[in-house]
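Every number here is computed from the coordinates shown, using simple stated rules; none is lab data. Keep in mind it's a predicted model, so treat the numbers as computed, not measured. Here Cβ is always computed from backbone atoms with ideal geometry, including for glycine, and neighbour counts include all displayed protein chains.
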Amino acid sequence: MGKAAKNIIRFIQRFWPFIVLVCFVGIFSLPYITKGRIPFPSKYLVTFFAPWNASYGMPVKNNAMPDVITQIYPWKQLTIDAWKQGYIPLWNPYAFAGTAHAGNYQTAVFSPMNLLFFILPFIDAWSFMILLQPLFAAFGTYLFLRALDRSKVASLIGSIGFMFCGFITTWMAYGTLGYAALMLPFILWSIVINFKKHSVLSRLMLPVFVAISFLSGHFQISLYVCIAAILFISFEGLQKRNWKEVVRSLLGLLIGVGIAAPQLLLTYHAYVASTRTDSFIRSEIIPWSYLITLFSPDFYGNPVTRNDWFGHYAEWGSYVGIVPLMLSIIALCVNLKGYKKYFLILIGLVIALAFPTPIADLLFFLKFPILSTSAASRIIFILSFAVVALASFGCDELIVAWKEKNKKLILRLVIGCIVFLAIVWIVLLGMKLLPVDKLVIAKRNFVLPTAFALVVLTIVTAGLTGKKKLQTIFLVGLLGLSMFDMYRYATKWMPFEERKYMYPESSSIAFLKKNIDFNRVFGNIGGEVGNTYKLPLIEGYDAMYRARYGEFINASSKGIVAPAGRSVVQFDKSGRFNTDVLQLLAVRYIYQRKSDGRNVWAFPVWQYSAGDMVKRFEDEYYEVYEYTHAYPRAFLASSYVVRRDPQEIIDTLFRKDFDKRNILVLEEEPNSKPEQGEGIATIEKYETNRVVIQTNSPAPKLLFLSDVYDAGWEATIDGKKTKIYRADYDFRAVGVPAGVHTIEYRYRPKGFRI
């Protein structure tokens with residue numbers, strides 16, 4: 001045998017678990033590798049979302065991930081476009097009449113995974129970003145479990161359970177929450193290494209992994225990761241009595257958070273102005289009855305098969321596979337010492353916060369930011385991680401039990417599982433606790449997990465034969481069953497679909513792109529159109545939009561200031577003051593689907609005179625009207641009134657005899673007083689974070705820009721800084737002197753200056 005062959009064999013013997021994991025992800029990714037299909041619900045996009053749903057229609061695999069279509073993918077396009085143009089994507093002018101982009105957090109503007117988009121074509125970079133999640137989750141889990149002195153097989157089984165666990169699988173298409181969560185095993189691995197040996201590399205790993213988690217796009221998940229890491233550092237300190245390392249590790253965590261500080265500061269700036277500061281909810285608390293899905297994930301149905309009838313499949317999923325679950329039971333049947341205690345603490349933490357417990361109620365009562373304003377169930381990934389970690393211990397203890405012929409341990413598992421299965425089947429077959437149609441779903445979806453469990457019990461029992469070769473075969477059998485189980489679970493959920501359905505440009509969209517200029521468009525479309533094609537909209541869907549803007553849009557309905565919605569701004573098409581809003585916000589184009597007719601969900605263009613609403617475009621499915629009385633995006637006003645009370649501002653602004661085109665409603669006296677006279681304002685340059693306007697007037701004026709006011713915006717006149725006033729409830733105005741001047745707006749949020 002040649003030297004090269006020996007080196008290959010040596011490499012395989014050393015790294016075979018990593019090779020198995022890479023091959024496993026490769027098999028999962030075959031639709032992308034062999035057919036070029038992308039991990040994105042493109043058929044869902046063109047079948048259910050306007051304008052494509054007018055001309056497309058086809059069977060859809062998974063309709064439970066609309067946010068990927070309306071938010072995550074379009075946001076990523078805006079982000080990468082901005083970076084490639086050489087500036088930080090801080091602001092998004094295409095939704096909510098302007099909103100913070102980087103501060104949104106879920107846009108993941110600073111995620112290291114964005115580097116993929118500078119190497120590969122966008123759609124392939126997106127695919128790699130999605131498909132690398134299970135691989136990274138597996139690598140991190142394997143390294144961590146090996147650091148805990150688990151065997152290669154045990155660590156591999158644990159890795160397979162976590163890489164396609166309920167949380168990673170159902171959130172995989174987003175490319176944000178998964179990365180935030182999968183850093184947990186990497187962080188814990190670096191902590192173990194730091195406690196075992198002290199190297200510069202291991203010291204650097206901890207803050208880097210923490211920073212990556214916080215930059216991945218979901219603060220709540222990263223916060224849970226940090227809590228788990230702090231608990232682990234404390235646990236290691238108590239076990240090893242090494243308090244110096246505890247301090248060093250905590251410092252490493254803090255440095256990691258510090259690296260992510262630019263993102264955190266931007267998000268804080270956006271958060272304090274958003275609806276989330278007052279949006280405390282007791283949501284997504286997992287009912288105790290949902291624990292059965294840890295054994296049978298589709299017990300209550302599955303959105304993919306359109307038979308789910310209870311719970312929130314994507315939010316509550318904790319499945320890790322039958323093999324890891326049963327091995328974790330073995331771990332709990334043997335002495336609960338060492339790291340097992342830590343994983344039990346994690347399980348206790350999840351139960352306390354995600355299930356209906358007094359602690360969950362207390363957290364809501366205390367109105368703790370982030371934890372009390374988001375879905376409590378998202379901590380469930382920590383339960384999955386703890387179970388697979390226990391499974392690795394259980395696997396090694398099973399091997400020992402086989403060697404020692406420990407029939408007692410095996411008997412406990414067999415009896416416990418048989419009793420559990422018997423009880424569930426008796427309930428399903430003999431008791432009518434559920435409606436007949438629901439029972440049919442539960443029974444059908446409990447068959448395969450039962451079969452898997454019986455196979456595991458058979459293998460576990462057969463291993464008592466004591467023959468080493470057979471035991472090796474049995475271990476391979478458990479590994480293979482685990483891989484098949486998780487592959488079946490993940491591929492059932494994850495769509496791989498054709499590229500040609502990725503936001504195809506229609507003739508009506510092409511018309512709007514060509515003619516929009518600096519105006520806005522309104523219609524039954526969202527971020528999937530506005531952000532993708534860079535068409536400015538007045539509506540939007542985002543958890544971090546400005547609350548005051550939501551109040552303004554709500555006031556257009558009846559003229560009453562009402563609290564903004566939690567995540568959605570929706571314009572009342574039949575509101576009393578909708579025309580006032582269209583004028584003020586430069587909404588020049590109305591985008592209508594022909595088949596909407598005069599239904600309530602269509603904007604009532606038929607109520608306007610022919611000269612007010614002029615049809616400018618028409619194809620088979622859509623028509624575009626121009627609202628001829630829309631104001632320019634930027635204009636000069638000759639007067640102002642001061643109103644400080646929100647309702648007074650709205651009352652004044654929407655008064656019939658109030659000349660919005662020439663009079664602004666300010667909340668304080670301006671430094672320079674405007675005067676009557678003609679004048680023009682021309683937008684010379686409009687970039688994501690920068691707007692340049694030239695004014696020319698014989699008298700001092702107030703320059704109004706119908707973009708949302710934000711304290712992060714700064715303005716200069718001919719290079720000299722000037723004050724921005726909040727005008728007409730939530731928009732921008734600056735005082736400009738007579739003559740020709742250049743006004744430049746730049747978005748530079750407080751605490752973030754570059």
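One table, with the values for the structure above:
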| item | result |
| --- | --- |
| DSSP loop GluC sites (Glu not before Pro) with at most 12 other Cβ within 10 Å excluded, longest remaining stretch of the chain | 1-504 |
| Calculated FRET efficiency for the pair Gln583/Ser672, C-beta based, R₀ 25 Å, to 0.05 | 0.45 |
| By average C-beta atoms within 10 angstrom, highest first, the peptides 62-72, 327-337 | 62-72, 327-337 |
| Candidate lysines - alpha carbon under 18 Å from Lys443, same-chain residues fewer than 8 apart omitted | Lys432 |
| Restricting the range 192-272 to trypsin sites (Lys or Arg not before Pro) in coil, as DSSP defines it, with at most 13 other Cβ within 10 Å | Lys197, Arg241 |
| Too-long pairs where the Cα-Cα distance tops 21 Å, listed order kept, from Lys341/Lys403; Lys594/Lys660; Lys61/Lys534; Lys558/Lys660 | Lys341/Lys403; Lys594/Lys660; Lys61/Lys534 |
| Lys615 long-range amide H proximity, modeled H, under 5 Å | Glu626 |
| Order by protection proxy (mean Cβ within 10 Å, highest first), peptides 408-415, 78-85 | 78-85, 408-415 |
| Between 0 and 90°, nearest 10: helix 322-333 axis offset from the chain longest Cα axis | 60 |
| In the range 675-753, the trypsin sites (Lys or Arg not before Pro) that fall in loop regions by DSSP, at most 13 other Cβ within 10 Å | Lys723, Lys750, Arg753 |
| P(r) of the range 634-747 over all Cα-Cα pairs, binned every 5 Å from zero, in whole percent | 2, 13, 24, 26, 19, 11, 5, 0 |
| 0 to 90° range, to nearest 10: angle between helix 468-493 axis and the chain longest Cα axis | 20 |
| Over the range 511-627, equivalent-ellipsoid semi-axes from the Cα gyration tensor in Å | 23, 17, 13 |
| In sequence order, calculated HN-Hα J values of the range 243-250 (Karplus, 6.51, -1.76, 1.60; Hz; x Gly/Pro) | 6, 5, 5, 4, 5, 4, 5, 5 |
| Cut-off under 5 Å, modelled amide H: who pairs with Glu497 long-range | Ile38, Phe40, Ser42 |
| Neighbourhood charge, 12 Å Cβ-Cβ cut-off, centred on Val414 and excluding it, Lys, Arg +1 and Asp, Glu -1 | +3 |
| Quotient of Cα Rg and 2.2 N^0.38 Å for the range 32-124, N being how many residues it contains | 1.21 |
| Euclidean distance of C-alpha centroids, the range 598-627 and the range 421-439, integer Å | 55 |
| Charge dipole of the range 201-290 about the Cα centre (unit charges at C-beta), most positive-ward option of Thr267, Val246, Ile230 | Val246 |
| Antiparallel DSSP beta bridges within the chain, percent to nearest 5 | 85 |
| Karplus (6.51, -1.76, 1.60) ³J(HN,Hα), θ = phi - 60°, over the range 83-93, in Hz, Gly and Pro reported as x | 4, 5, 8, x, 9, 6, x, 7, 10, 10, x |
| Angstrom value of the Kirkwood radius, inverse mean 1/r, which spans all Cα pairs in the range 3-493 | 23.9 |
| Tensor-based shape of the range 397-497 (alpha-carbon gyration tensor, a/c under 1.5 rounded, otherwise prolate or oblate) | oblate |
| Lysines with Cα under 17 Å of Lys337, excluding same-chain neighbours fewer than 8 positions away | Lys240 |
| Between the range 530-578 and the range 653-706, the Cα center-to-center distance that results, in Å | 23 |
| In order through the range 349-361: 3J(HN,Hα) via Karplus (6.51 cos²θ - 1.76 cosθ + 1.60), integer Hz, x for Gly, Pro | 4, 5, 4, 5, 9, 9, 10, x, 10, x, 5, 5, 5 |
| Sparsely packed trypsin sites (Lys or Arg not before Pro) within the range 579-680, loop by DSSP, other Cβ within 10 Å at most 11 | Arg598, Arg644, Lys656 |
| Directionally averaged shadow of the range 493-571, computed from the convex hull of its alpha-carbon atoms, nm² | 7.4 |
| Unsatisfied cross-links (Cα-Cα over 19 Å) in the set Lys340/Lys467; Lys405/Lys467; Lys3/Lys152; Lys244/Lys340; Lys514/Lys685 | Lys340/Lys467; Lys3/Lys152; Lys244/Lys340 |
| Angle in degrees between helix 380-404 and the longest Cα principal axis of the chain, rounded to the nearest 10 | 10 |
| Distant-in-sequence amide H partners of Ala727 (H built 1.01 Å from N, under 5 Å) | Arg732, Ala733 |
| Helix-only CD estimate at 222 nm, as mean residue ellipticity for the chain, using -39500 (n - 2.57) per DSSP H run (n ≥ 4) | -16000 deg cm²/dmol |
